[in-house]
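The values are calculated or read from the model by the stated rules, or taken from the named source; none is laboratory data. Please read these numbers as outputs of a predicted model, since none were measured by experiment. Cβ coordinates were reconstructed from backbone atoms using ideal geometry, including for glycine residues, and neighbour counts include every protein chain displayed.
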Amino acid sequence: MNDTKSPPALPDRLSGNPRSPHHVAEIFKHNIGIKLNGKERTDVEEYCISEGWVKVASPKSLDRRGQPLLIKLKGTVEAFYSK
């Protein structure tokens, strides 16, 4: 018997931060890939397909809670399940 469970559909907006209202834990059980303007990005913290942006962590700057500041990059966003 082959019980293959298909992954849930990717939402329009998704965040990797568990404190965010856009975080969906079930999706992170699978590998997710993000493309911005045709190039695959591995440093994406949050994305929105309909608005066309991704947020990536700043390498040095921190907010007042000690979390990295997020930089918004705009373009064509594609989300997919990778193998």
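Within region 15-32, not a single residue is under 17 Å from Lys72 (Cα atoms) and among the hydrophobic types (A, V, I, L, M, F, W, C). When region 42-60 is filtered for residues that are more than 19 Å from Lys29 (Cα to Cα) and surrounded by 11 or more Cβ atoms within 10 Å (Cβ to Cβ), the ones remaining, listed by number, are Cys48, Ile49, Glu51, Gly52, Trp53, Val54, Lys55, Val56, Ala57, Ser58. Residue-level analysis places Lys83 among those that are surrounded by fewer than 16 Cβ atoms within 10 Å (Cβ to Cβ) and at pLDDT below 95. If the condition is being free of Cβ contacts under 8 Å to residues at least 60 places away in the same chain, surrounded by 12 or more Cβ atoms within 10 Å (Cβ to Cβ) and in a loop (DSSP other than H, G, I, E, B), then region 1-41 contributes Pro8, Pro11, Asp12, Gly16, Asn17, Ser20, His22, His23, Val24, His30, Asn37. Scanning region 45-83 for residues that are outside any strand (DSSP E or B), touching a strand residue (DSSP E or B) at 6+ places or on another chain (Cβ under 6 Å) and either within 14 Å of Ser15 (Cα to Cα) or among the acidic types (Asp, Glu) (or both) yields a total of 2.
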